[in-house]
Amino acid sequence: MIAFSAFTLLQSCLNNTLFTSFFWVKPYNLAVDVTPAAVIRPESTEEVAAIVQCAVKTGFKVQARSGGHSYANFGLGNGASTVDLVNFQNYNINESSWHANIGPGMNLGNLDQHLHKTGRALPHGLCPGGGLGPTSRMWGALLDHIVEVEMVIANGSIIRAREDLNQHMFYAIRGAGASFGIVTEFVMDTEPEPGSVIQYTFDLSRSNAQDSHASVYMQWQDLIGDPDLDRRFGTQLLFSALGTIMTGSFFGTEAEWIASGIPACLPANGTTIITDWLASLVNWAEQEALYLTSTPVHFYSKSLGFRQQDMLSNQSASQQFKDLAAQPKDTPLWFIVFDAEGGAVNDVATNTTAYAHRDNIMFYQSYVVDALRMSKTSRDFATDFHNDLVALLPSNDTGRGTYPGYVGLDISGVPQERYWESNLPHLTALKSLWDPHDIFHNPQSIRPLSE
């Protein structure tokens with residue numbers, strides 16, 4: 001619910017020109033309670049600036065909501081003034097530079113349709129992640145395609161940031177944006193849309209022995225752990241109550257797919273289809289809908305990034321999946337997802353942007369989902385799986401973090417150290433310079449030095 005006394009103060013400051021509604025709260029994860037001071041839907045950058053200025057004047061923190069898919073509802077800003085960017089739907093593309101101007105309120109499906117009209121594309125995930133996805137090994141992260149932004153900073157000023165203008169802010173916004181301001185326009189460097197896409201699927205029923213599932217994991221890990229793996233290949237491995245599903249997308253022709261050598265490294269009894277770019281996007285959305293959709297539900301999640309040295313041994317994988325089968329879950333809707341990363345993402349130096357996970361070759365996420373409640377048994381299952389997995393990895397934990405798109409409220413240690421790793425000290429210094437009073441705040445955002 002909205003704290004209406006706070007709303008009244010904000011409305012008075014804004015001369016009652018901007019409105020809020022209870023129906024705009026819309027938490028994504030129903031297992032995490034949030035109460036924003038107000039949810040406001042501006043229609044221009046100037047209105048965003050006015051909201052920030054009034055929030056500062058009346059003593060409120062600020063958070064922006066774009067897609068609204070934060071796993072911990074951070075976009076709603078508990079006790080904060082939430083700036084919902086749903087009205088920022090602008091799009092245009094320069095057909096000489098192939099740079100696209102994109103509003104932060106546009107969802108990825110609509111963005112893909114706009115780009116497709118001129119045969120262009122961008123790398124991205126699906127609803128929660130936003131920056132990493134099936135094409136990231138080939139094209140890099142979405143944040144690496146940002147050329148310029150228009151944004152509102154903590155003093156309510158409107159600035160632009162790029163490599164040669166407000167460079168430090170441009171660094172911070174690419175991977176830690178929620179801590180530094182509200183972007184009202186992105187300029188993105190787009191990619192030529194792929195032609196043919198080869199899609200591979202392999203299913204293994206849960207009725208098969210656990211060693212079979214562990215063997216599939218090892219076969220997949222051996223493939224994605226190959227530093228020479230063709231970058232045109234993106235792949236995911238999903239474990240659930242129904243069984244194991246291995247999927248992969250190769251962005252090229254059938255002849256290139258065969259020549260890559262990848263088919264020989266996959267389970268032989270999988271299925272392969274040849275499709276096009278738009279159909280592949282639909283297929284990815286359908287795959288994600290198996291474990292997480294845009295519909296608000298109660299869920300709990302854990303995640304971790306893996307480096308080359310974190311790969312599981314045969315013995316460790318066998319033990320992990322035996323434990324997985326034995327653990328009580330209290331819901332049939334549980335999912336363990338492994339995504340291959342690396343490739344072009346890792347070509348960028350760690351200190352080039354705020355995003356720090358340039359040495360990861362895969363991420364894992366676990367989800368337990370329930371429409372009505374989140375039980376302790378379900379939470380314990382995800383936590384125990386995570387802790388068991390970590391216990392199997394090399395004891396030196398230095399440098400092992402997780403993608404900040406997969407936020408979790410009970411990350412061990414200091415969450416910011418897990419999200420931004422070696423870049424955190426520099427980001428802390430920049431936060432102290434650009435937002436010393438921590439106006440742009442959520443429970444795990446970067447803090448200024450005075451905090």
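FYI, it's all coordinate maths here, none of it is from the lab. Quick caveat: nothing in here was measured; it's all calculated off a predicted structure. Ideal geometry is used to build each Cβ from the backbone, glycine not excepted, and the neighbour counts take in all protein chains shown.
Evaluating 6.51 cos²θ - 1.76 cosθ + 1.60 at θ = phi - 60° for every residue in the stretch 80-87, the Karplus couplings come out as 10, 8, 8, 9, 8, 9, 4, 7 Hz, glycine and proline recorded as x.
Neighbour counts of other Cβ atoms within 10 Å put Thr271, Thr253 in the fewest-to-most order Thr271, Thr253. Diffusion of the stretch 196-418 by Stokes-Einstein, at 37 °C in a medium of 0.692 mPa s and with Rh set to the Kirkwood radius over alpha-carbon pairs, works out to 178 µm²/s.
Amide H contacts of Glu148 (H built 1.01 Å from N, in plane; Pro and chain starts excluded): Val187 sit under 5 Å, all sequence-distant by 5 or more or on other chains. Listed by Cβ neighbour count within 10 Å, with the fewest neighbours leading, Asp226, Asp438 appear as Asp226, Asp438.
Going down the table (Lys302/Lys329; Lys61/Lys329; Lys61/Lys376; Lys302/Lys376; Lys302/Lys322; Lys26/Lys117), which pairs top 26 Å between alpha carbons? Flagged as over cut-off: Lys61/Lys329; Lys61/Lys376; Lys26/Lys117.
For the pair Asn351 and Leu433, what calculated FRET efficiency results from E = 1/(1 + (r/R0)^6), where r is the Cβ-Cβ distance and R0 = 25 Å, to the nearest 0.05?
Values: r = 17 Å, r/R0 = 0.68.
Once the sixth-power term is evaluated, E becomes 0.90.
Taking all Cα pairs closer than 8 Å and separated by 6 or more residues, the relative contact order of the stretch 341-451 comes to 23 percent. Amide H contacts under 5 Å for Met362: Phe306, Glu341, restricted to partners 5 or more places along the chain or on a different chain, H placed in the peptide plane at 1.01 Å from N.
Taking every alpha-carbon pair under 8 Å whose residues sit at least 6 apart, the stretch 4-84 reaches a relative contact order of 36 percent. Each helix, a run of at least 4 DSSP H residues, gives -39500 (n - 2.57); summed and divided by the residues of the chain, these come to -8500 deg cm²/dmol at 222 nm. Sequence-ordered 3J(HN,Hα) estimates for the stretch 147-164 from the Karplus curve with 6.51, -1.76 and 1.60 and θ = phi - 60° stand at 9, 6, 9, 9, 8, 9, 9, 5, 8, x, 7, 9, 10, 10, 9, 7, 4, 10 Hz, glycine and proline given as x. The residues Lys322, Lys302, when put in order of fewest to most other Cβ atoms within 10 Å, stand as Lys322, Lys302. Our coupling estimate for the stretch 410-416, obtained by passing each phi through the Karplus curve with A = 6.51, B = -1.76, C = 1.60 and θ = phi - 60°, is 10, 5, 5, x, 9, x, 4 Hz, Gly and Pro reported as x. For the chain, the Cα-based Rg and Dmax, in that order, read 21.9, 67 Å. Based on every Cα atom in the stretch 20-148, Rg and the maximum pairwise Cα distance Dmax equal 16.2, 47 Å. For Asp380 and Glu163, a Förster radius of 51 Å and the Cβ-Cβ distance give a FRET efficiency of 0.65, rounded to the nearest 0.05. Think of the stretch 309-451 as a dipole: +1 on every Lys or Arg Cβ, -1 on every Asp or Glu Cβ, centred on the Cα centre; then among Pro443, Val390, Ala340, Pro443 lies furthest on the positive end. Once you reduce the stretch 72-109 and the stretch 185-205 to the center of their Cα atoms, the two points are 21 Å from each other. Other residues within the sphere of radius under 15 Å centred on the Cβ of Leu14, judged by their own Cβ, net out at -2 (K and R +1, D and E -1).
Compared with the direct C-alpha span, the chain from Leu242 to Thr35 gains 70.9 nm at full extension, assuming 0.36 nm per residue.
Determine the sum of side-chain charges near Ala354: Lys and Arg each +1, Asp and Glu each -1, restricted to other residues whose C-beta is under 12 angstrom from that of Ala354. Net of charged neighbours comes to +1.
For the stretch 91-192, what is one quarter of the convex hull surface built on the Cα atoms, given in nm²? Before the final figure, lay out the partial values.
On the way: hull surface 25.9 nm².
In nm², the orientation-averaged hull projection of the stretch 91-192 is 6.5.
Expressed as a rounded percentage, what relative contact order does the chain have, with Cα pairs under 8 Å and six or more residues apart? Before the final figure, lay out the partial values.
On the way: 925 pairs, mean separation 74.8, N = 451.
RCO, the chain: 17 percent.
Whole angstrom only: what separates the Cα centroid of the stretch 137-164 from the Cα centroid of the stretch 353-431? Value for the Cα centre distance between the two parts: 25 Å. Each Lys and Arg contributes +1 and each Asp and Glu -1, all at the Cβ; summed about the Cα centre of the stretch 196-418, the dipole is approximately 480 debye. Rounded to the nearest angstrom and listed largest first, the equivalent-ellipsoid semi-axes of the stretch 180-291 from its Cα gyration tensor are 27, 20, 14.
Distance between the 7 Å Cα→Cβ label points at Ala259 and Glu43: 5.4 nm. Sorting 23-33, 273-283, 172-182 by their mean Cβ neighbour count within 10 Å, with the most densely packed peptide first, gives 172-182, 23-33, 273-283.
If you plug the beta carbon distance of Asp323 and Thr201 into 1/(1 + (r/R0)^6) with R0 = 30 Å, you get a FRET efficiency near 0.70.
In this Cβ point-charge picture (+1 for Lys and Arg, -1 for Asp and Glu), the stretch 318-406 has a dipole of about 200 debye about its Cα centre.
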